[in-house]
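One structure below.
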Amino acid sequence: MALLSASAQLAAQDRNSDNVERPNVLFIFLDDYGWRDCGFMGSDYYETPHLDALAKSGMIFTNAYSASANCAPARACLLSGQYTPRHEIYNVGTSRRGNPKFGKWMHVPGTDTLPRGIRTWAHQIQAAGYRTGTIGKWHLSDDPLPYGFDFNFAGTHSGSPPRGYYPPHPKAPGLQDAPSDEYLTDRLTDEAIGFIDRNRKQPWFLYLTHFAVHTPLQGKSELVAKYDAKPKGELHSHAVMAAMIESVDNGVGRIMDKLEETGLKDNTVIFFSSDNGGYGPATSMTPLKGYKGTYYEGGIREPMFVTWPGVIAAGSQSDEPIINVDFYPTFCEITKAELPANQPRDGESLMPILLQDKTTLQDRALFWHFPAYLQSYQRIDGQRDLLYRSRPCSIIRHGRWKLHQYFEDGAVELYDLENDIGESQDLSSKNPAKTDELLSELRIWQREIEAPIPAQRNPQHDPTAEAAALQSLQRKQSEKK
C-alpha cells in the first residue's frame, strides 16, 4: 500500500485547521453498475479511462458494499446512514414482487418514502454552510429538496430514466424542454458542470446520481457502433452497455476539466460508487456469484474509490470490508458537519483508512435484511432458486466469513470469502461452530434493530404450482446446456 508523502501527511494533519478551506465534495453514484464494470476493476471490454485515472490518483476499495441489492433501499441506507429495518424501505415499491402463488410467507411491505423525520447527511452538510445539489436519480420521495438539498435536477420518485435516455421528459424537473436528440447522461453532466461553475466561490457538495446504466439499455448510436466493431472480451461483451458506460466516463472527463479550469481540482474530494450489483442479463461480476437483486456478492459488492489531492495517497488500496452506511459519518467529517443527535447511525467514518492512520476499522460485522421477494428476470444462473433473485433473508459478513439466513425454509449458507469469493462452497455443515457463531450474532442484531421477520402464511401460496414452475425452469435450463 502506498504511503503518504511528508507534505501530504502535513496536509492531513492540518486539514482541520481554521486556516484551511473546507473541501468541496463530488459524489458520483451510478445505477446498476457492477463490481467489474470499470477498467480499474478488470473489465476487458468497457472503456473507462477517466474513471481509471481518478481511481489510480486515490484509494480503491476492493470490499465495498451497498446495504441492499436493489435501488430504493440501497439509496435509503446511503442517505440515512441506517440499515433497512430503521428506515423500512425494503424493496422498490411496497407490493409483492413476483407471482403470489410462489412463496410461503407474506412479505413485509415497509414503505416507499424515506421518512421525513430522518436527517440525511445532506441536511447536516447544508447546515454546515455548504451548497448542496442532487442531479439525477432520487427515488426516495417526490422531491429531494426537503431532505437537505438546495438544488435538484431531474430527481423524482421514479427509479427509472424519465422516458429512457432520450427526451421528451415532461415530468422530470429541468428536463421539460430538452431537445429531442439530447442524451440524458450528457445533460446530467452539463448540469453538474453548471452547478460547479455557479458555486465556485463557496463550499459545495454535489450528489451526481446518474440514471445510467439502469434499463432501458440505450446508448448513443455512434458509440454502440464502435463497440459492435470491437472484439468481445471474455468477461464483458454487451455493446450497448459499453456505450452507456463510455458516456458516463466521458462526462467524468468533462467534469474534471471544469474542476481544473476553475482551480477547484485540488480542493475537491471525489467519491465514486454504485447502488447495487450489475444488471445480470447485460454484464458480469465474475468471479462473484449473482447480480442486482441477489444477496450473493455480485448483487451487493460495488466498485468504489475516493480521491483527495494531497491528503489521500495516490495508488493506495483498502481491502477492508466497508458498506454504504459508512458514507454518512465520512461525509460529515470531511465537511466538518455535525452528526445529528439522538438519531441511530449504523456506519463508521472511513477517515482513519483514507488517511492511512489505520488499515482496518474496529472489529465489526456488516448486515443486510430483506424481508421481501424479488422475482427473477431472464438470467437465473446466479440465484439460490430459479423463481426469485431473492426470497426473505438476512445476511451477515464478519471478517472473511459470510452467512446467509433464509426465512422460508430455515436454511443457512456459510462461505469463506477469503478462499471462495464466488460463494461456490457452502461450509455450513462442515463448520457448524462458525455457522452457529454467526447465526447467533445475526439474531442478536435482528432483535436489537427490531428487524421484522416474515412469519405470516401467504394465503395465495400454491406449492403444487410453485413446484411445477420450478421443474419447468430447471428443464429449460438443462436444455440450454
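The values are calculated or read from the model by the stated rules, or taken from the named source; none is laboratory data. These figures come from a predicted structure and were not determined experimentally. FYI the Cβ positions are ideal-geometry reconstructions off the backbone, even for glycines, and counts take in every protein chain you see.
Being of a type in the set (D, E, K, R) and touching a Gly at 6+ places or on another chain (Cβ under 8 Å) is a condition met by no residue of segment 156-177. Against the criterion of being in the same structural domain as residue 132 (by TED's automatic domain parsing), in contact with a Phe, Trp or Tyr (Cβ under 7 Å, 6 or more places away or on another chain), closer than 19 Å to residue 159 by Cα and among the hydrophobic types (A, V, I, L, M, F, W, C), residue 217 does not qualify.
Among residues belonging to segment 87-145 that are touching a strand residue (DSSP E or B) at 6+ places or on another chain (Cβ under 6 Å) and either assigned to a loop (DSSP other than H, G, I, E, B) or small (Gly, Ala, Ser) (or both), point out the one that is farthest from residue 335 (Cα to Cα). Checked segment 87-145; the qualifying residue farthest from residue 335 (Cα to Cα) is 98. The residues of segment 43-53 that are crowded, with 22+ Cβ neighbours inside 10 Å and aliphatic (A, V, I, L, M) amount to a single one, 51. Residue check: is residue 402 of a type in the set (D, E, K, R), assigned by TED's automatic domain parsing to the domain that holds residue 452, closer than 16 Å to residue 367 by Cβ and touching a Phe, Trp or Tyr at 6+ places or on another chain (Cβ under 7 Å)? Yes. Just one of the listed residues (455, 469, 451) is outside the structural domain of residue 321 (by TED's automatic domain parsing), part of a loop (DSSP other than H, G, I, E, B), among the small types (Gly, Ala, Ser) and modelled with pLDDT under 95, and it is 455.
Can you tell me which residue within segment 163-212, out of those that are assigned to a loop (DSSP other than H, G, I, E, B) and either charged (D, E, K, R) or not assigned by TED's automatic domain parsing to the domain that holds residue 151 (or both), is farthest from residue 253 (Cα to Cα)? Top of the filtered list is 171. The set of residues from segment 307-335 being assigned to a loop (DSSP other than H, G, I, E, B) and among the aliphatic types (A, V, I, L, M) comprises 311, 312, 313, 314. Going through segment 261-306 one residue at a time, which ones are part of a helix (DSSP H, G or I), in contact (Cβ under 8 Å) with a residue 24 or more places away in the chain and charged (D, E, K, R)? 265, 266, 297, listed by residue number.
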